[in-house]
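Take a look at the structure set out below.
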Amino acid sequence: MPITPFKLERYYAKYEFTTRYMLSSSDCEGLTLNELLGMASKESLSRWQNLKLGYTESQGHPLLRQEIANLYKNISADQTLVAVPEEAIYVVMQTLLRPGDQVISITPTYQSLHEIARSLGCQVVPWQIRPAASGWAIDIKKLEKLMTPQTRLLVINFPNNPTGFLPERAQLDAILAIAAKHGVYVFSDEMYRLLELDPATRLPSVSDVYEKGISLSGLSKSFALPGLRIGWLTTRSEGLMQDWLTFKDYTTICNSAPSEILAIIALQNHERIVARNLEIIRRNIRLAGEFFEKHSRLVAWNPPQAGSIAFPKWLGAGSVDEFCRDVLEKCGVLIVPGTIFDVSGGYFRVGLGRENFPQALNQLGEYWRGA
Ligand SMILES: Cc1ncc(COP(=O)(O)O)c(C=O)c1O
């Protein structure tokens, strides 16, 4: 079964590097190489300067895997696999799924989380995040009803891209209890974890608390280093780890040597990097709140609970697609319409992690003033 184009990535491929203001980017403002090296310990700096550019260990640099394991409670360095985040999704789906399996996937979400399963001949059943009186909500009873004897995998993504939704701990426990009852694996995309606006709402990593849990994380969002192309999978299942290692020999085999060393430096300074990103996000949430309040006849603003993305609703004339196309053409501001995530109802994605967010909002304000 051929794979369908990745709508968001095709949209970005067309506009990302030619558009002045990115108002929908999901990553946080990229750190410079100098900023990152400025955080390095003497030891790490020496590792960087004396790095030999040979092949690296397929599972990932042992020290990097130890730094990753330190972020978890019940995960050891041997229970981590370093890979590009998007590659990691591919490796898991390819090794775990067979045609005819049923996969329940949270929706909306990052397209590859359900599209790869579909391309493998699985029956993909969406489990919706729905708009609620304030913010977004999930229906746990509905999840129970979706489970069948054919269900092999449940895919979740909290904090969610694109809604910014984060369930409560009790809801996550209920989700995992349903998965356990049906013997289902859970793939948990945790790319935006650590960016909770209230740290008390942070959920545990699914790989820490669920035997058949697989967690994905990486440096692209919460760590502001998407260009390193470093992510990781964690699981307590030895069998899954062996399957992934076997499969990875057919994707990248091993990781970029410079990226691994820079990733070690990033993880050794993760609290500082995450705090810097949250500061940018908090400022931008405040600015967005004020801005959309002024334009409340055009947009219903809805701040996220966690992550670097919000998903407000377009209330103005015409469709959200027309609005996004017009802003792009007339004032060089890239906004991703919800239709790219197959969401109707006029939603659009706002990225809150960039330094030039105030200028992008200003452009949008000018556009509305001129309209
Ligand atoms: C939820 C989610 N998962 C995975 C990825 C993939 O990360 P990367 O582009 O760094 O491979 C993204 C990127 O936008 C994402 O938003």
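Each value in this text was obtained by applying a stated rule to the coordinates, not by laboratory testing. Nothing here was measured: the structure is a model prediction, and the numbers come from that model. Backbone-built Cβ (ideal geometry, glycine too); neighbour counts: all protein chains shown.
Extension gain Asp139-Lys73, at 0.36 nm per residue separation less the Cα-Cα distance, in nm?
Values: separation 66, 0.36 × 66 = 23.76 nm, distance 2.84 nm.
Answer, rounded to one decimal: 20.9 nm.
Given the pairs Lys52/Lys221; Lys14/Lys330; Lys7/Lys142, which are separated by over 19 angstrom at their Cα positions?
On the way: Lys52/Lys221 28 Å; Lys14/Lys330 16 Å; Lys7/Lys142 27 Å.
In this structure, Lys52/Lys221; Lys7/Lys142 exceed 19 Å between Cα atoms.
What does the charge count near Arg286 come to, summing +1 for each Lys or Arg and -1 for each Asp or Glu among other residues with Cβ under 12 Å from its Cβ? Don't skip to the answer; put the middle values down first.
Details: positive: Arg282, Arg283; negative: Glu279, Glu290, Glu293.
Value of the local net charge: -1.
How would Arg202, Arg98 line up from fewest to most surrounding beta-carbon atoms within 10 angstrom?
On the way: Arg202 15, Arg98 9.
Sorted ascending by nearby Cβ count, the order is Arg98, Arg202.
Obtain the nm distance between the two label points defined at Ala200 and His182 by a simple spin-label model: each point lies 7 Å from its Cα along the Cα-to-C-beta direction.
Here the answer is 3.3 nm between the modelled labels.
Using only C-alpha positions, report the orientation-averaged shadow area of the convex hull of region 191-307, nm², one decimal. Mind showing how you got there, number by number?
Values: hull surface 38.6 nm².
Orientation-averaged projected area of the Cα hull: 9.6 nm².
Report, in debye and to the nearest 20, how large the dipole of the chain comes out about its Cα centre when Lys and Arg carry +1 and Asp and Glu carry -1 on their Cβ. Don't skip to the end; give the middle numbers.
On the way: 38 positive and 38 negative charges, 105 e Å.
Charge dipole of the chain: 500 debye, to the nearest 20.
Can you pull a Stokes-Einstein diffusion coefficient for region 169-234 at 10 °C (1.306 mPa s), Rh from Kirkwood over Cα pairs, as a whole number of µm²/s? Mind dumping the intermediate values first?
Values: Rh = 12.8 Å.
It comes out at roughly 124 µm²/s.
Dividing the Cα radius of gyration by the Kirkwood radius, what Rg/Rh value follows for the chain? Display every interim value, and only then the final one.
Numbers: Rg = 20.5 Å, Rh = 21.3 Å.
Expressed as Rg/Rh, it is 0.96.
If Rh is defined by the Kirkwood formula over all Cα pairs and Rg also comes from Cα, what ratio Rg/Rh do you get for region 110-187? Show your work: numbers first, answer last.
Working: Rg = 12.7 Å, Rh = 13.4 Å.
Rg/Rh for region 110-187 comes to 0.95.
Taking a cut-off of 27 Å between Cα atoms, list the lysines near Lys141, but don't count ones fewer than 8 places away on the same chain.
Lys181, Lys212, Lys313
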